[in-house]
Amino acid sequence: MTGTGLGAVLFGPASVSILGIIVLIFQAVLLAHGGLTTLGANTFSMAIAGPLVSFGIYRLCQKIKINRRVGIFLAAFLGDLFTYCVTSIQLALAYPSEAGGVGASVVKFLGVFAPTQLPLAVIEGILTVVIVIGLETYAKPELKSIGFFKEKEAR
């Protein structure tokens with residue numbers, strides 16, 4: 001779970017990308033999670049690709065007038081899944097299968113990620129909606145100031 005869907009919905013993908021890079025640097029340096037050698041790949045999958053998809057899905061849902069909470073769930077859910085699809089492709093490019101090449105490796109890596117990431121993506125979608133409900137309840141002026149609400153919804 002990355003939390004980038006929530007950030008992308010509230011602040012846009014550019015802000016989340018910058019925050020994501022900062023978090024990944026802290027993880028690499030202070031926690032030895034991922035390391036500095038994978039910082040570029042991690043930044044692309046977690047701080048760029050995922051937030052862009054989340055933001056795009058949220059905007060698409062707004063445009064076709066899907067319920068806001070459903071749109072937020074879909075944005076967080078699909079953004080999380082897309083992050084791991086990109087990661088699978090990156091890993092497949094780095095470690096292509098001798099028998100089937102990159103395509104076979106993508107399938108293998110997706111097969112490894114799917115059992116854990118599908119339930120986590122559902123949880124992230126639900127948790128993101130719950131957080132937004134809390135923000136709508138207790139921080140409506142702040143959400144209005146960052147442009148989360150359209151004029152008629154802010155009342």
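List of remarks:
- Filtered residues of segment 126-139 (kept if within 15 Å of the chain's Cα centre (by Cα) and surrounded by 20 or more Cβ atoms within 10 Å (Cβ to Cβ)): Thr128, Val129
- Checklist (1) surrounded by fewer than 17 Cβ atoms within 10 Å (Cβ to Cβ); (2) outside any helix (DSSP H, G or I) applied to Thr2, failing item: (1)
- Screening Ala32 with (1) touching a Leu at 6+ places or on another chain (Cβ under 6 Å); (2) not in a helix (DSSP H, G or I) gives one miss only, at (1).
- Residue that is open to solvent by less than 50 Å² (accessible area, probe 1.4 Å) and out of contact with any Asp or Glu (no Cβ under 7 Å at 6 or more places or on another chain), where the choices are Leu19, Leu24, Leu78: Leu24
- First in segment 65-89 and basic (Lys, Arg), second anywhere and at pLDDT 95 or above, Cβ under 6 Å, 6 or more apart: Arg69/Val129
- Selection from segment 90-125 of residues that are among the polar types (S, T, N, Q), surrounded by 18 or more Cβ atoms within 10 Å (Cβ to Cβ) and without any contact (Cβ under 8 Å) to a residue 40 or more places away in the chain: Ser105, Gln117
- Residue identified as of a type outside the set (Asp, Glu), crowded, with 21+ Cβ neighbours inside 10 Å, over 11 Å from the mean Cα position of the chain (by Cα) and within 21 Å of Ile18 (Cβ to Cβ) among Thr43, Thr87, Thr83: Thr87
- Hey, Gly56 out of contact with any Lys or Arg (no Cβ under 7 Å at 6 or more places or on another chain), of a type in the set (Gly, Ala, Ser) and surrounded by 14 or more Cβ atoms within 10 Å (Cβ to Cβ) or not: yes
- Per the listing Gly100, Gly3, the residue uniquely of a type outside the set (A, V, I, L, M, F, W, C), at pLDDT below 95, touching a helix residue (DSSP H, G or I) at 6+ places or on another chain (Cβ under 9 Å) and closer than 25 Å to Thr128 by Cα is Gly3.
The values are calculated or read from the model by the stated rules, or taken from the named source; none is laboratory data. On a predicted model such as this, the values are computed, not experimentally measured, just so you know. Glycine also receives a Cβ, built like all others from the backbone with ideal geometry; neighbour counts cover every protein chain displayed. Side chains included, ligands, DNA and RNA excluded: accessible areas come from the protein's heavy atoms. Shrake-Rupley method; radii C 1.70, N 1.55, O 1.52, S 1.80 Å.
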